[in-house]
């Protein structure tokens with residue numbers, strides 16, 4: 001029987017997704033050996049996208065060094081921190097997560113889509129994120145999940161190179177289907193012959209040109225606003241986000257441990273949790289998101305603000321968004337209200353059991 005598309009969409013690591021029928025948990029040494037191979041663009045051109053991810057992330061670090069040694073100020077440190085943690089995080093949630101992966105809302109036209117795509121320093125290619133994140137939701141915390149936390153922190157941290165590249169042996173039909181997962185983002189795909197040559201949906205020339213133009217535009221804007229001091233501060237802090245985001249899923253799935261709490265995490269099909277910090281700075285209430293992945297918002301309860309949804313709502317007021325899917329009412333109907341009813345019933349039953357004992361004691 002043929003495998004489902006998402007089971008074949010990603011390139012299997014050298015140590016495999018499974019071993020003896022269970023999740024393969026490579027040692028750190030095995031992971032590093034595999035990572036070095038995946039990063040060797042000079043030996044295999046099909047690793048170019050993995051190489052690209054680290055190249056552009058590490059290229060942000062010199063900006064931070066210049067800022068710290070030449071332009072440092074606590075005010076700019078705060079500006080960089082807020083830009084990286086709040087704005088880049090929110091933009092990533094809006095563009096890569098809710099739109100590109102889950103199509104939770106619809107842009108009015110290609111102009112508004114392209115504008116939203118460029119509203120932050122580019123760090124993560126769409127192909128790297130979107131296809132693998134579809135697989136993550138299909139096999140969350142199971143073998144085949146590209147960033148399965150139970151395989152360890154390093155397994156997740158280096159997942160972009162080891163587990164997220166697309167399969168290099170897709171048939172023409174399968175390749176067309178995988179392209180369909182990202183086509184709505186505006187990414188111009190390779191032909192099947194180009195895919196066989198480069199091993200990717202995106203073309204390296206277009207990808208690198210996109211990064212270069214995006215960075216040049218944003219550095220120019222930041223320079224006009226605050227000179228090299230502001231520009232180097234914001235670009236330098238972007239490196240912190242670009243490196244830190246690699247461990248994001250490991251943390252949001254509690255390192256593979258069961259830390260779900262009654263009344264807070266309602267999706268019990270996986271180990272995802274609603275962490276406070278990602279929720280506050282980017283609206284990433286992750287267990288809620290797994291419960292309703294196609295929802296335009298993930299902050300359902302009163303104490304769960306959703307800055308990403310606030311941005312999408314603002315973009316809609318500007319005319320950029322025409323429709324969305326919001327599952328907040330479904331969350332209360334299917335999960336929160338039944339939970340409150342069951343909790344109240346349990347409390348009443350407990351009180352009823354206690355009354356005969358109270359009477360005898362009297």
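Please treat every number below as a calculation from the coordinates, not as lab data. Model, not experiment: these values are computed from the prediction. Glycine gets a Cβ as well: all are built from the backbone with ideal geometry, and neighbour counts include every protein chain shown.
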Open item on the list: To test your reading of the geometry: what angle, between 0 and 90 degrees and rounded to tens, separates the Cα axis of helix 28-38 from the longest principal axis of the chain?
Closed with: 40 degrees
TODO: Match the structure shown to one of the listed values (1) 22.7, 86; (2) 23.8, 78; (3) 20.0, 67 of Rg and Dmax of the Cα atoms in Å, computed from it, and give that label.
DONE: (1)
- [ ] Express in whole angstrom the spacing between the alpha-carbon centres of segment 21-35 and segment 190-249.
- [x] 29 Å
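May I ask you to compute the full-extension gain from residue 354 to residue 59, defined as 0.36 nm times their residue separation minus their alpha-carbon distance, rounded to one decimal in nm?
Using 0.36 nm per residue and subtracting the Cα-Cα distance, I get 99.6 nm.
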TODO: Can you tell me which of 228-240, 180-192 comes out highest on packing, and rank the rest after it, using the mean Cβ neighbours within 10 Å?
DONE: 228-240, 180-192
- [ ] Quickly work out the residue 20-to-residue 259 label distance, labels modelled 7 Å from Cα along the C-beta direction, and quote it in nm with one decimal.
- [x] 3.0 nm
Task: Simple spin-label estimate for residue 183 and residue 73 in nanometres, 7 Å along Cα-Cβ - done: 5.1 nm
TODO: Enter the Cα centre distance for the pair segment 262-278 and segment 134-189, rounded to the nearest angstrom.
DONE: 23 Å
Open item on the list: How far apart, in nanometres, would the label points at residue 37 and residue 341 be if each is projected 7 angstrom from Cα along the Cα-to-Cβ direction?
Closed with: 5.5 nm
TODO: Let me have the 222 nm mean residue ellipticity of the chain computed from DSSP H runs of 4+ only, each contributing -39500 (n - 2.57), with the sum over all residues rounded to the nearest 500.
DONE: -15000 deg cm²/dmol
TODO: Please determine, in degrees from 0 to 90 and to the nearest 10, the orientation of helix 126-138 with respect to the longest principal axis defined by the Cα atoms of the chain, where the helix direction is its Cα long axis.
DONE: 30 degrees
Task: Degrees between helix 337-361 axis and first principal axis of the chain (Cα, 0 to 90, nearest 10) - done: 30 degrees
Task: Cα gyration tensor category, rounded, prolate or oblate, for segment 5-146 with a/c compared to 1.5 - done: oblate
TODO: Using Cα centres only, tell me the gap between segment 59-119 and segment 286-349 in whole Å.
DONE: 24 Å
